[in-house]
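This report concerns only the one structure given below.
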Amino acid sequence: MYDLDKTLFVSDLDGTLLRSDGTLSKDTARKVAELVSRGVKFTFATARSYYTAMQVAGERPIKIPVILHNGVFIRDPRSETYIKKNLLPNPEYVRRIFDEYGLSPFVYSADGDKQKYSYIQDKIPPESAAYQLKRAGDPRDNPITDESLLWDGDVFYVLCITNDRRAEEIYRRLSDDYNCLYAEDYYSRDKWLEVYAKGASKAEAALQLRDILGCRRLVVFGDGANDISMFEAADEAYAVSGAVDELKAHATGIIGSNDEGAVVNWLMEHTR
């Protein structure tokens, strides 16, 4: 059994807490609310933004800070303020590399607590354009035509969705100086190239949140390669049955399927 005052439980969202269709089941939402009401320190760490994470989280049962953009931000959902930010160092260098290979990304930047993602509609790859069509209504949407404005603001995240092999070359060029991810998306199966600050990771954010909350133990759940750093940092790490083999190799144990609500079922059983 766990000391609930001193244990932080952190779950990935997509492919882990969420079902395969990207939604949170009513049963999972009910159990999360019950766990939180019993004093379980449960939150999520996701590649999503606050806007898209809260769209699937529903009525915000989470009471403690959440980890966003793979560790770029820690945000308190109660005050709706960021308690940690990791901005991208030297975004001009990242811009030059993308320009060198002729790929145009989405550039996420901040102005205070307001965020936007900028892109040039007629230059982004077709896979990125398909992704953008699904973001209708996102208040951060910032299509531009002036390339000089693409990297405007405090840049914290760069995303290029493309199956073009040039993205892999960019990944190799930037990986020494930045925290880069290059992997297949859980839903579309397109390749995503993501670029963050070197210190931005789910692992660092989870450890920082553990300390902020005065916890001593970190227990995590995940399914993808971007969860590996968090698994390595945790005291215990559980992979859902559909997780990639690379992550399972780092797991304390394998639990059931995300479509069966494996994370909340495990928590209900082990935090009584």
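The values are calculated or read from the model by the stated rules, or taken from the named source; none is laboratory data. A quick note: this is a predicted structure, and the numbers were derived from the prediction, not measured. Here the Cβ positions follow ideal geometry from the backbone for every residue, glycine too, while neighbour counts run over all protein chains shown. Keep in mind that these areas ignore ligands, DNA and RNA; they rest on the heavy atoms of the full protein, side chains included. Shrake-Rupley method; radii C 1.70, N 1.55, O 1.52, S 1.80 Å.
A few notes on this one:
- Among the residues listed as 57, 45, the single one being modelled with pLDDT under 90, open to solvent by less than 30 Å² (accessible area, probe 1.4 Å) and within 28 Å of residue 209 (Cβ to Cβ): 57
- Residue under evaluation residue 65, criteria (1) in contact (Cβ under 8 Å) with a residue 40 or more places away in the chain; (2) more than 20 Å from residue 214 (Cβ to Cβ); (3) buried (at least 23 other Cβ atoms within 10 Å of the Cβ), criterion not met: (2)
- One residue from 201, 257, 229, 188 being of a type in the set (S, T, N, Q) and closer than 26 Å to residue 33 by Cβ: 257
- Count of region 110-139 residues which are surrounded by 17 or more Cβ atoms within 10 Å (Cβ to Cβ) and more than 17 Å from residue 160 (Cα to Cα): 2
- Region 167-180 residues that are of a type in the set (Val, Ile, Thr), paired with ones that are open to solvent by 20 Å² or more (accessible area, probe 1.4 Å) (beta carbon under 6 Å, 6 or more apart): 170/101
- Filter pass, residue 26 being over 20 Å from residue 224 (Cα atoms) and modelled with pLDDT of 95 or more: no
- All of 18, 88 fail the test of being surrounded by 23 or more Cβ atoms within 10 Å (Cβ to Cβ) and in contact with a strand residue (DSSP E or B) (Cβ under 7 Å, 6 or more places away or on another chain), apart from 88.
- Filter result for residue 3 (crowded, with 19+ Cβ neighbours inside 10 Å, of a type in the set (Asp, Glu) and out of contact with any strand residue (DSSP E or B) (no Cβ under 6 Å at 6 or more places or on another chain)): no
- Among the residues of region 1-25, the ones that are farther than 15 Å from residue 65 by Cβ, within 22 Å of the chain's Cα centre (by Cα) and not aliphatic (A, V, I, L, M) come to 11 in all.
- Of the strands (runs of 3 or more DSSP E) lying entirely inside region 26-128, those carrying at least 1 residues that are out of contact with any His (no Cβ under 7 Å at 6 or more places or on another chain) and of a type in the set (Asp, Glu) are 73-76, 106-111.
- Count - residues of region 154-181 that are in a loop (DSSP other than H, G, I, E, B) and under 15 Å from residue 86 (Cβ atoms): 2
- Taking the listed residues 82, 93, the one that is out of contact with any Cys (no Cβ under 8 Å at 6 or more places or on another chain), modelled with pLDDT under 95 and closer than 20 Å to residue 194 by Cβ is 82, with no other qualifying.
- Residue 170 satisfies every condition listed in (1) surrounded by 21 or more Cβ atoms within 10 Å (Cβ to Cβ); (2) modelled with pLDDT of 95 or more; (3) within 30 Å of residue 236 (Cβ to Cβ) except (3).
- Failed item in (1) touching a Pro at 6+ places or on another chain (Cβ under 8 Å); (2) free of Cβ contacts under 8 Å to residues at least 12 places away in the same chain, with residue 30 passing the rest: (1)
- Test for residue 48: is it in contact with a Leu (Cβ under 7 Å, 6 or more places away or on another chain) and of a type in the set (D, E, K, R): yes
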